[in-house]
Amino acid sequence: MAATIIDGKTIAANLRKTIAAEVAGLNAKHGLKPGLAVVLVGQNPASEVYVRSKSKAVVEAGMMPIDHKLPETTSEKDLLALIGKLNADPAVSGILVQLPLPPQIDSQKVIAAIDPAKDVDGFHPVNVGRLSSGLSSLVPCTPFGSVLLAKTVKPSLAGLDAVVIGRSNIVGKPVAQLLLAENATVTVAHSKTRDLPGLCRRADILVAAIGRPEFVKADWIKPGATVIDVGINRVAGEGGKNRIVGDVAYDEAAKVAGAITPVPGGVGPMTIACLILNTLKAACAQNGLPEPQFQD
Ligand code: GUN
């Protein structure tokens, strides 16, 4: 049987609509308009595309975009000074510094300078620690979106075997923590893992976050498994045009999996929807309002 295609584009659009309605209500009731500061240093073309779609989503949700584009030569000191200003500005509910940063800037220092209450990326050590301690926190957007997508086909992940391929701070480690919080039995695989195909074949939930085009093959997948493909890889396509593929060989995998996210149109749109959701959560917390309850 062909796999269910998990339509991240539609699921994300619905989530964004729900968020926009909540924002409109907050605005009417409390005069509150959440603001998201997005900081881009330099001209990485992929980062420019992401930043543009983030700002568009902010506007569509009825929030305030606060965009800062800084030159490639920006010093760490100047960037830290900007973060200090954004931390102190009550109009700024969330701060996102687009990664990667140029080599003269220490990313960890910048992340640590963001007020954890405004850390909508969930990368600050306080939020990382809170997530791994099972406390409420701002959660990294791609992992958050990945788990929400998995739960559209498997509402309870309790007791399921989950394998995460990749151990990055942005995806692999936080998605493992979220799956653990959902009571899955989680294994994190990486470049030194032995018999990766054999390990993956045990997974009821397989999350691929390696950054290698079509790396995961059909015979790595347990029949009926849920496959969440976090990869976004640009490869040469026909006629000299680039095409985007995931970390999973989609066409063959879809014949074995029970459900699978496509690339594009799977995890990518959910990342942006979760960023908007985190901005809303941050704004509510900063204004002493209860957390919106609709995301599960
Ligand atoms: N670069 C790639 N992914 C991300 C992300 O989730 N957040 C930020 N800030 N930068 C990124």
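The values are calculated or read from the model by the stated rules, or taken from the named source; none is laboratory data. Keep in mind that what you see is a predicted model, and the values were worked out from it rather than measured. Here Cβ is always computed from backbone atoms with ideal geometry, including for glycine, and neighbour counts include all displayed protein chains.
Only one of these is in a loop (DSSP other than H, G, I, E, B), at positive phi and within 16 Å of the ligand (Cβ to nearest atom): G159, G122, G134. Name it. Outline the logic, then answer.
On the way: G159 fails: within 16 Å of the ligand (Cβ to nearest atom); G134 fails: within 16 Å of the ligand (Cβ to nearest atom).
From the options G159, G122, G134, the qualifying one is G122.
Please indicate, with yes or no, whether at least one residue in the stretch 48-61 is over 27 Å from N287 (Cα atoms), within 13 Å of the ligand (Cβ to nearest atom) and of a type outside the set (A, V, I, L, M). Yes, the stretch 48-61 has at least one match. As a summary of the residue check, G239 satisfies the conditions (1) crowded, with 16+ Cβ neighbours inside 10 Å; (2) farther than 22 Å from P174 by Cβ except for the one numbered (1). With the structure loaded, tell me whether L80 is within 15 Å of the ligand (Cβ to nearest atom) and either surrounded by 15 or more Cβ atoms within 10 Å (Cβ to Cβ) or under 22 Å from A209 (Cα atoms) (or both) or whether it fails that test. No, not satisfied. Only one of the listed residues (L32, L36, L15) is modelled with pLDDT of 95 or more and assigned to a loop (DSSP other than H, G, I, E, B). That residue is L32.
D195 meets the stated requirement of being surrounded by fewer than 17 Cβ atoms within 10 Å (Cβ to Cβ) and without any contact (Cβ under 8 Å) to a residue 60 or more places away in the chain.
Please go through the stretch 268-295 and pick out each residue that is within 29 Å of V49 (Cα to Cα) and among the charged types (D, E, K, R). Within the stretch 268-295, just K281 meets the criteria.
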